[in-house]
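Laboratory data are not the source of any read-out in this text; all were calculated from the coordinates shown. These numbers come from a predicted model, not from an experiment. Note that we place each Cβ from the backbone using ideal geometry, even for glycine, and neighbour counts take in every protein chain shown.
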Amino acid sequence: MPYPDIRPRRLRRNAAVRRLVAETRVMPSDLVVPMFVKEGLTEPRPVASMPGVVQHSRESLRKAAVEAVQAGVGGIMLFGVPERRDATGSGGIAPDGILNLAIRDVVSEVGDATVVMSDLCLDEFTSHGHCGLLTPGGEVDNDATLAAYAEMAVAQAAAGVGVVGPSGMMDGQVGVVRRALDAAGHQDVAVLAYAVKYASAFFGPFRDAVESALDGDRRTYQQDPANLRESLREVALDVAEGADMVMVKPALPYLDVVAAVRAAVDVPVAAYQVSGEYAMVEAAAANGWVDRERVMLETLTSIRRAGAQIILTYWAVEAAGLLREGY
Ligand code: PBG
């Protein structure tokens with residue numbers, strides 16, 4: 001009797017057979033690229049802790065959006081960095097606030113060749129750096145914040161955004177945003193809920209990218225990394241409140257959560273490969289310790305395999321290029 005009679009290696013013999021039996025594929029259209037635009041810049045400015053990522057000027061953002069479309073990415077997620085901040089984050093709501101201007105710029109440049117999305121949160125716009133309004137005692141005031149999110153959503157929709165991404169982890173945020181959009185005649189604007197967002201140290205470099213002033217942490221509203229069942233509860237609430245898509249964030253340290261969310265709901269599931277995940281790989285690769293492109297694509301494949309059909313990643317445009325070449 002020949003032994004072994006079952007040989008899984010037959011299906012790994014060469015690239016052609018491996019490609020034929022691959023269970024997971026990442027397509028450029030699965031990827032969404034986050035982009036930062038800073039008010040008052042005339043030239044793009046590098047983000048030190050995120051090599052390859054910049055704060056765009058309005059002009060360079062337009063060009064980058066066109067390049068992203070040419071690369072075939074599925075979407076662009078916009079973040080604004082204002083010149084001035086105040087206690088209520090008014091720059092996030094003003095029609096001529098930097099994020100709303102950027103939405104108009106990008107939509108006029110790319111139309112619906114890709115999905116234009118916007119972060120719906122106050123932390124980039126508040127002087128204290130929290131995602132919401134504060135009570136006189138300094139607590140994050142859930143319900144006052146909801147009213148601000150409702151206004152912000154309508155302002156973003158009026159600027160032409162296709163998808164808003166409420167990311168502040170306030171209770172009831174999806175429902176209040178959905179109702180405000182509908183009441184203002186924006187029934188067609190979709191909600192990508194950051195349903196599961198952990199109080200993560202992996203957001204570190206993002207603070208650099210948006211020059212956040214946060215002193216303290218977000219543990220009274222973002223979730224405890226120890227919890228999984230709580231995530232399923234958050235997702236169920238967001239779907240019930242009208243979320244069209246739900247997101248888990250960060251991605252790689254939370255693949256069990258991605259898989260559980262995928263199994264629990266029928267709406268599209270996204271995962272956000274956040275700034276710290278990106279920075280770790282870039283730093284290791286810069287030292288010659290890992291193969292940058294292989295690690296990049298391995299992480300994206302893993303996130304996809306866990307069940308995310310949409311991946312937000314700072315590598316989106318480059319990865320789309322590699323994937324098209326059949327890397
Ligand atoms: C909130 C927001 C954050 C990120 C995306 N949206 C920061 C936070 O909640 O602390 C982090 C993204 C990243 O780290 O890449 N506006």
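Is it the case that residue 181 is buried (at least 21 other Cβ atoms within 10 Å of the Cβ) and more than 19 Å from the chain's Cα centre (by Cα)?
Judged against the criteria, residue 181 is a match.
Taking the listed residues 314, 254, 278, the one that is buried (at least 19 other Cβ atoms within 10 Å of the Cβ), assigned to a helix (DSSP H, G or I) and within 12 Å of the ligand (Cβ to nearest atom) is 278, with no other qualifying.
Looking across segment 213-250, the residues that are buried (at least 20 other Cβ atoms within 10 Å of the Cβ), within 9 Å of the ligand (Cβ to nearest atom) and in a loop (DSSP other than H, G, I, E, B) come down to 218, 222, 250. In this entry, residue 258 is excluded by the filter for residues that are closer than 25 Å to residue 126 by Cα, touching a residue at least 40 places away in the same chain (Cβ under 8 Å) and among the aliphatic types (A, V, I, L, M).
Kindly indicate the residue of segment 189-212 that is among the charged types (D, E, K, R) and within 9 Å of the ligand (Cβ to nearest atom) and also farthest from residue 35 (Cα to Cα) among those meeting that condition. Per the stated criteria, the residue is 197.
Looking at 79, 125, which one is within 14 Å of the ligand (Cβ to nearest atom), aromatic (Phe, Trp, Tyr) and touching a Gly at 6+ places or on another chain (Cβ under 8 Å)?
Matching residue, one of 79, 125: 125.
Looking only at residues in segment 131-168 that are part of a strand (DSSP E or B) and more than 21 Å from residue 213 (Cα to Cα), the one that is nearest to the ligand (Cβ to nearest atom) is 165.
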